[in-house]
There are 2 protein chains.
Amino acid sequence: MQKQENLSKNQKIILDLIEKSSGPLKAYSILFNVKKQGIKAPLQVYRALDKLIEIGKIHKIESRNAFVACKNSNCQVSKATAFSICENCEDVTEVSNLKLSKYLSNFADKSGMKYNKYNLEFFGLCKNCKK
Amino acid sequence: MQKQENLSKNQKIILDLIEKSSGPLKAYSILFNVKKQGIKAPLQVYRALDKLIEIGKIHKIESRNAFVACKNSNCQVSKATAFSICENCEDVTEVSNLKLSKYLSNFADKSGMKYNKYNLEFFGLCKNCKK
DNA sequence: TTAATTATGTTATATTATTACACAGCGTTA
DNA sequence: TAACGCTGTGTAATAATATAACATAATTAA
């Protein structure tokens, strides 16, 4: 576990929950699970999520509207993210492949666009569900 | 086998609207724009969108909950999609780069997962907004 | 021609996310 | 020391996105 001294109370509660989860969590499921800790409203959850995303502690799985803890211990911000998502069991794994991230970070096409961020989601069947 | 070349009435109306749009459209904005053509309920829109996505005529921009027409004339299904998104003007361009798509389609990591689909979203500033 | 499939229409509701407003704590600075 | 900016909190209300459930019609396949 990384240090979290700089996080606020709500941010800590929510990060802790996400880090302990075995899979992606949805915002309202997070809300349900932290009610006993005094967090009562969606906005309290979304504010903490926004901050945690901003500092790279968690990522949003866009295609699922769900949130996972960052597994790259050195990930400070979410500027280059890649995930593999099992379409059967909905398990999500963060892909950390140096070649891939270098390839994508350096990618440029003819559009003249300057990229500063990307998000990649692979879909398929995980080892277990393939059987 | 199935011809399926023929789209239904609602599907045609909605595809037509999306194809004529200069940028991504959101579901409820689509709904608003097709009310005069007799489509009255969200579900009618979402059903048409689902079908159009399935056959590769449109794509969903996951990070924006918005829909764009497919610009790859040969794109039959949405199994390998890449977009560049301007964070200022929200313009979206479909990236069609053979090297990139080959690289990603053949990508495999140690997870043992078999990928059959991916979606990549690049973020940055487009040529105009960069100035 | 019947059965299966696909699409439609409609109402209601579920799920995801934000706006708006009030206030509290904390470090800076002037 | 208070005035300020900044970040975070609490709360209510509501907006935006998406699906469930049910009934019916149109199209396709055997």
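Between the Cα long axis of helix A:9-20 and the first principal axis of chain A there is an angle of about 60°, rounded to the nearest 10. Note that region B:93-99 has calculated 3J(HN,Hα) couplings of 10, 7, 7, 10, 9, 4, 4 Hz, one per residue in order, obtained from phi through the Karplus relation 6.51 cos²θ - 1.76 cosθ + 1.60 (θ = phi - 60°); glycine and proline are x.
Using protein chains only and a probe of 1.4 angstrom, how many square angstrom of A:THR93 are accessible, to the nearest 10? Taking all protein chains as shown, A:THR93 has close to 60 Å². Take A:LYS99: with every protein chain present and a 1.4 Å probe, its accessible area is about 150 Å². Spin-label pair A:ARG47-A:LYS99: with each label point 7 Å from Cα along the Cα-Cβ axis, the two points sit 4.6 nm from one another. Using the Cβ-Cβ distance between A:VAL77 and B:SER8 with R0 set to 41 Å, the FRET efficiency works out to roughly 0.35.
A convex hull fitted around the alpha carbon atoms of region A:9-69 yields 69 Å³ per residue. What the Cα convex hull of region B:9-130 gives, in volume per residue, is 126 Å³. Placing A:GLU87, B:GLU121 in order of accessible area, with the largest value first and a 1.4 Å probe, yields A:GLU87, B:GLU121.
Relative to the longest principal axis of chain A, what angle (0 to 90°, nearest 10) does the C-alpha long axis of helix A:42-54 take? In chain A, helix A:42-54 runs at an angle near 40 degrees to the longest axis. Adding -39500 (n - 2.57) for every DSSP H run of four residues or longer, then dividing by how many residues chain A holds, sets the calculated 222 nm ellipticity at -9500 deg cm²/dmol. Just checking the listed ones, B:LYS110, B:LYS102, B:LYS79: in the Gaussian network model of chain B with Cα springs under 10 Å, the one fluctuating most is B:LYS110. Accessible area buried by the pairing of B and A, both sides summed with a 1.4 Å probe, works out to roughly 3000 Å². Structure shown: which of A:LYS71/B:LYS130; A:LYS102/B:LYS60; A:LYS99/B:LYS127; B:LYS12/B:LYS36; A:LYS99/B:LYS99; A:LYS71/A:LYS99 lie over 23 Å apart, alpha-carbon to alpha-carbon? Exceeds cut-off: A:LYS71/B:LYS130; A:LYS102/B:LYS60; A:LYS99/B:LYS127. Annotation for A:LYS12, label-to-label distances across the other copies: 6.3 nm (shortest first, one decimal, point 7 Å from Cα along Cα→Cβ).
Remark: label point of B:CYS129 defined 7 Å out from Cα along the Cα-Cβ vector; separations to the same position in other copies 3.3 nm, ascending. Using the Karplus relation 6.51 cos²θ - 1.76 cosθ + 1.60 with θ = phi - 60°, the per-residue 3J(HN,Hα) values for region B:118-125 come to 8, 9, 10, 10, 9, 10, x, 10 Hz, with x marking Gly and Pro.
Just the number, please: carbon plus sulfur as a percent of the accessible area of region B:9-130, 1.4 Å probe, no ligands or DNA/RNA counted. Ligands and nucleic acids excluded, carbon and sulfur give 50 percent. Solvent-accessible surface of chain B, averaged per residue with a 1.4 angstrom probe and all protein chains in place: 60 square angstrom. Where the alpha-carbon atoms of the protein assembly as shown are placed on the principal axes, they occupy 57, 52, 42 Å, in descending order.
The values are calculated or read from the model by the stated rules, or taken from the named source; none is laboratory data. Keep in mind that what you see is a predicted model, and the values were worked out from it rather than measured. Here the Cβ is made from the backbone with ideal geometry for all residues, glycine too, and neighbour counts use every protein chain on show. Ligands, DNA and RNA are excluded from the accessible area calculation, which covers all protein heavy atoms including side chains. Shrake-Rupley method; radii C 1.70, N 1.55, O 1.52, S 1.80 Å.
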